[in-house]
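Below you'll find the structure, written out as structure tokens, and then a few comments.
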Amino acid sequence: MDEQAPPLTTSLELVRWIGWAQMKAGEEWIRERELSHPQSFVLGYLVQNPGAIQRDIAQVSRTSAASVSSLLQGLERRGLVERRADHENERIKRVYATAQGGELIAGFAAAMTAADETILAPLDDSERAALHALLSKITAVLPQPTRS
């Protein structure tokens, strides 16, 4: 029995559908690399913030230190991250993406740009500009998204 999705009739339902399509593209890219979403997020964070400490990773990923520890252990086993003692305080462990870890997630931004292009393919340049202008007008009065 085929279940049909309910019709998406409001503008915001359609916007959520677009967001869903973007999310699915990202999930597929991550899955192809045999990573979980949290693993890919942490790898990306470490590429941009080499030498982060576990507490910072827990804060930015909105998870517990214990969860981060477990996640890092899995990434370490795969050779994607490494922990090194801080030069000034041996008790502090700094976390770095390895070259292999950086290479594994390289290209995510390009993949998402390609997904965006696929999603927007039915629109010509003027329609894209109009859509952008309308969405900009709406988001101008909304609070900025945060990681907290």
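Within region 66-93, the only residue that satisfies the criterion of being assigned to a loop (DSSP other than H, G, I, E, B) and β-branched (Val, Ile, Thr) is 92. If you go through region 1-24 and keep only what is under 12 Å from the mean Cα position of the chain (by Cα) and in a loop (DSSP other than H, G, I, E, B), you end up with nothing.
Before we move on, is residue 76 loosely packed, with under 15 Cβ neighbours inside 10 Å and not small (Gly, Ala, Ser)? Criteria not met by residue 76. Within this structure, residue 39 passes the test of being buried (at least 17 other Cβ atoms within 10 Å of the Cβ) and farther than 21 Å from residue 18 by Cα. The set of residues in region 54-65 that are in a loop (DSSP other than H, G, I, E, B) and either farther than 18 Å from residue 37 by Cα or free of Cβ contacts under 8 Å to residues at least 24 places away in the same chain (or both) comprises 61, 64. The residues on offer are 34, 27, and the sole one that is within 16 Å of the chain's Cα centre (by Cα), closer than 29 Å to residue 119 by Cα and exposed (fewer than 12 other Cβ atoms within 10 Å of the Cβ) is 34.
Within region 100-107, one or more residues are surrounded by 14 or more Cβ atoms within 10 Å (Cβ to Cβ), farther than 29 Å from residue 18 by Cα and in contact (Cβ under 8 Å) with a residue 40 or more places away in the chain. The residues on offer are 133, 115, and the sole one that is modelled with pLDDT of 95 or more and more than 22 Å from residue 39 (Cα to Cα) is 133. The set of residues in region 89-110 being within 19 Å of the chain's Cα centre (by Cα) and not small (Gly, Ala, Ser) consists of 95, 96, 98, 100, 103, 104, 105, 108. A residue that is more than 19 Å from the chain's Cα centre (by Cα) and either modelled with pLDDT under 90 or under 28 Å from residue 116 (Cβ atoms) (or both) can be found somewhere in region 42-65.
Residues in region 111-129 that are under 19 Å from residue 27 (Cα atoms) and over 25 Å from the mean Cα position of the chain (by Cα): there are none.
The values are calculated or read from the model by the stated rules, or taken from the named source; none is laboratory data. Predicted model only: the values in this text are computed from it and were never measured. Ideal geometry is used to build each Cβ from the backbone, glycine not excepted, and the neighbour counts take in all protein chains shown.
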